[in-house]
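This report refers to the structure that appears directly beneath it.
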Amino acid sequence: LLSLVKKMCNEIEDLCNGVFLLNELSPRTIDKLLSYGELLSSQIVSAAFVSRETPADWVDAKEIIKTNSDFGNAVVDFTTTNENIRHAFKQSKTKLSIIPGFIASDSKNITTTLGRGGSDYTAAIFAAAVNADSLEIWTDVSGMMTADPRWVANAKIIPTISYQEAMELSHFGAKVIYPPTIQPVSSKGIPTWIKNTFAPEDKGTVIQSG
């Protein structure tokens, strides 16, 4: 793992040197640079599970999620992606898979990213592809709220909300969940829970059919 981390850090340094020498930073290069955070963190988490004798597969999202070449906000090819996901899970020999979010690749295997909220979007793509019973999004708040708690003192948690209502709230500025995340799960009717990493006992919000 340490060797892998060092290798990736060396790659990042080489990319940054290239940007400096060329005095140019293209959207394609930005996507490549941005991909390393998810690649590094997911590999570290996967190794941590294995070191604690919990079998886990690390799955490279770039090999599975296929998109167009719109760097920075790529559009998913769901036909190819869904087939790749189902195949990957059939081949898996463990019950736990660790997958980096936010990143994908185009038809030429060049790294792309899915835009803001891309990690949650990745989870929704996988959930829809395997017809999951539910999707959990773990964040820093205990669900969707009636108002922004930074500005409204008596803001309350919304226990249940429909896909449509959640989509409208996200379009009007609610940052708990982004519109692309809702689309794959709503089409399959998969309940989506918003939970708090720092208060796991809190019930959270469930987004489901109205």
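The values are calculated or read from the model by the stated rules, or taken from the named source; none is laboratory data. Computed from a predicted structure; not experimentally measured. Every residue, glycine among them, receives a Cβ derived from its backbone with ideal geometry; neighbour counts consider all protein chains shown. Note: accessible area is taken over every heavy atom of the protein model, side chains too, but ligands, DNA and RNA are not part of it. Shrake-Rupley method; radii C 1.70, N 1.55, O 1.52, S 1.80 Å.
From the Cα gyration tensor of the stretch 1-40, with a ≥ b ≥ c the square roots of its eigenvalues, which class applies: rounded if a/c is under 1.5, or else prolate if a/b is larger than b/c, or else oblate? Oblate.
Here's how it looks for Thr67: its modeled amide H is under 5 Å from those of Asp77, Ser105, Asp106, Ser107, which are all 5 or more places away or on a different chain. Using the Cα gyration tensor of the stretch 106-199, with a ≥ b ≥ c the square roots of its eigenvalues, what is the shape: rounded (a/c below 1.5), prolate (a/b larger than b/c) or oblate (neither)? Prolate shape, in that a/c is at least 1.5 and a/b is the bigger ratio.
Against the set [x] -0.52, -0.71; [y] -0.68, -0.81; [z] -0.60, -0.82, the structure's computed log10 I(q)/I(0) by the Debye sum over Cα atoms at q = 0.11, 0.13 Å⁻¹ falls on [z]. Close amide H partners of Thr160, meaning residues 5 or more places away or on another chain with modelled amide H under 5 Å apart, are Val206.
Among Leu22, Leu34, Leu114, the residue with the largest mean-square fluctuation in a Gaussian network model of the chain, with springs joining Cα atoms closer than 10 Å, is Leu22. Positive-end ranking of Gly118, Ser26, Ala61 along the dipole of the chain, with charges on Cβ about the Cα centre, is headed by Ala61. Across the stretch 195-202, coupling constants 3J(HN,Hα) worked out from phi with the 6.51/-1.76/1.60 Karplus curve, θ = phi - 60°, read 10, 9, 4, 8, 9, x, 6, 5 Hz, and Gly and Pro carry x. Packing around the peptides 91-100, 182-191, taken as the average count of other Cβ atoms within 10 Å per residue, puts them in this order, highest first: 182-191, 91-100. Proximity of backbone amide H atoms, modeled 1.01 Å from N, is registered between Asp57 and Leu96, Ser97, Ile98 at under 5 Å, excluding neighbours fewer than 5 places apart on the same chain. List the pairs from Lys7/Lys90; Lys62/Lys95; Lys6/Lys32; Lys66/Lys90 whose alpha-carbon separation is above 25 Å, in the order I gave them. Those over the limit are Lys7/Lys90. Just report the Cα centroid separation between the stretch 144-196 and the stretch 9-81, whole Å. Between the Cα centres of the stretch 144-196 and the stretch 9-81 lies a distance of 27 Å.
Which FRET efficiency value, to the nearest 0.05, is calculated for Phe20 and Lys175 with the Förster distance at 25 angstrom and r the Cβ-Cβ distance? Kindly include the intermediate steps, with their values, before the conclusion.
Working: r = 33 Å, r/R0 = 1.33.
It comes to 0.15.
Among the protein heavy atoms, those of Glu63 account for about 130 Å² of accessible surface (1.4 Å probe, every chain in place). With contacts taken as Cα pairs under 8 Å at a separation of at least 6 residues, the stretch 1-115 carries a relative contact order of 30 percent.
From helices alone, the chain scores -14500 deg cm²/dmol at 222 nm; the rule is -39500 (n - 2.57) for each run of n ≥ 4 DSSP H residues, then divide by the residue total.
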